[in-house]
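Have a look at the structure below before the remarks.
The values are calculated or read from the model by the stated rules, or taken from the named source; none is laboratory data. Because the structure is a prediction, the values reported are computed rather than measured. Note: ideal-geometry Cβ built from the backbone for every residue, glycine included; neighbour counts use all protein chains shown. We work out accessible area using only protein heavy atoms, side chains counted, and drop any ligands, DNA or RNA first. Shrake-Rupley method; radii C 1.70, N 1.55, O 1.52, S 1.80 Å.
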Amino acid sequence: QRYCKEVYKGQLASVHSKSRNDELQKLARTYTRLAVWIGAVTSRKVSGHGGGWETHWEDSSPLNYANWAPLNPLHLVTTCTTLSTRDGLWRSRNCYNLRPFICQY
């Protein structure tokens, strides 16, 4: 996210429809076989009781579409999100992993 911001003056991509998800999956697949970072972060809610979890987009846009793989998102620690070039599904991953990413600007 920081690299995307500093180098491209952008944000990691947010996805708001199946067509956009498919488009980004195809785009990523032309460059890599690895799953790529997109801009969704899952973390424990700061406010309120019960400490629920929520996923938000880095660009603050509404979370109005999701394509999670089964058993995702994970609710153990704060995680970032990958888009699989293979199946187009989203998975929670450790935010410190280095991998390709899709930056929108």
Looking at Ser61, is it at pLDDT below 95, in a loop (DSSP other than H, G, I, E, B) and either small (Gly, Ala, Ser) or crowded, with 20+ Cβ neighbours inside 10 Å (or both)?
-> no
Within the stretch 67-90, how many residues turn out to be open to solvent by less than 50 Å² (accessible area, probe 1.4 Å) and either over 15 Å from Leu12 (Cβ atoms) or in contact with a helix residue (DSSP H, G or I) (Cβ under 9 Å, 6 or more places away or on another chain) (or both)?
-> 10
Which residues, counting only those in the stretch 1-57, are part of a helix (DSSP H, G or I), of a type in the set (Lys, Arg) and either loosely packed, with under 14 Cβ neighbours inside 10 Å or modelled with pLDDT of 95 or more (or both)?
-> Arg2, Lys18, Arg20, Lys26, Arg29
Could you say which residue among Thr78, Thr42, Thr55 is under 19 Å from Arg2 (Cβ atoms) and free of Cβ contacts under 8 Å to residues at least 40 places away in the same chain?
-> Thr78
